[in-house]
Amino acid sequence: MEQIKAVIYDVDGTLVNSEPLHVQAWDVALKECGSSLDTLSVDFVRAMAGKKPIVIASEMVEELKLSIKPEKFLDLKTDHYLEFAATRLEPM
């Protein structure tokens, strides 16, 4: 059995700066559901950092009373993020 020689664990800001793309993806997904990040309080947006995406999606759906299931909303956000990452993700 081959021994693992190294492991790279990327926390945003180490190898790539994906945070702005995640924020943009959340905003686009919200706009498709009739809302936007601007309708959320600054404290709500700040508290998103470090949370699991499904938790963020659930909290947004509840807070903004969106008529979409959190799982579907997260899928929408993820699709946008992957689209953005394919063309705009830059190394640190």
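The values are calculated or read from the model by the stated rules, or taken from the named source; none is laboratory data. The model shown is predicted, which means the values in this text are computed figures rather than measured ones. All accessible areas refer to the heavy atoms of the entire protein, side chains included, with ligands and DNA or RNA removed. Shrake-Rupley method; radii C 1.70, N 1.55, O 1.52, S 1.80 Å.
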ask   = aspartates and glutamates near Lys51 by alpha-carbon distance under 17 Å, same-chain residues fewer than 8 away left out - which ones?
value = Asp10, Asp12, Glu19, Asp27, Asp43, Glu59, Glu62, Glu63, Glu71, Asp75
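Once neighbouring chains are kept in place and the probe is 1.4 Å, which whole percent of the accessible area of the chain is contributed by carbon and sulfur?
Details: 3730 of 6720 Å².
Reported share for carbon and sulfur atoms: 55 percent.
Given the Cα-Cα distance of Leu89 and Glu59 and 0.36 nm per residue of separation, how much length would full extension add, in nm?
Numbers: separation 30, 0.36 × 30 = 10.80 nm, distance 2.64 nm.
Difference between extended and current length: 8.2 nm.
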remark   = Which residues qualify? For Val16, with a placed amide H closer than 5 Å and at least 5 residues away or on another chain, they are Met92
Potential lengthening between Lys5 and Arg46 on full extension [0.36 nm per residue; Cα-Cα distance subtracted] = 11.1 nm
inquiry  = As I understand it, the value is the acute angle between the Cα axis of helix 53-64 and the longest principal axis of the Cα atoms of the chain; what does it come to in degrees, rounded to 10?
reply    = 10
ask   = What number, in percent, do you get for the relative contact order of the chain if the mean sequence gap of Cα pairs under 8 Å and at least 6 apart is divided by its residue count?
value = 42
task = Among Ala25, Ala49, Ala57, determine the one that fluctuates most according to a GNM of the chain built with springs between C-alpha atoms less than 10 Å apart.
result = Ala49
For Kirkwood radius over Cα pairs in Å, calculated from these coordinates, the label among [x] 13.3; [y] 14.4; [z] 14.0 = [y]
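For the chain, what is the accessible area per residue in Å² when the probe is 1.4 Å?
Result: 73 Å² per residue.
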ask   = What length, rounded to one decimal in nm, is gained on full extension from Asn17 through to Lys72, with 0.36 nm per residue of separation minus their alpha-carbon distance?
value = 17.3 nm
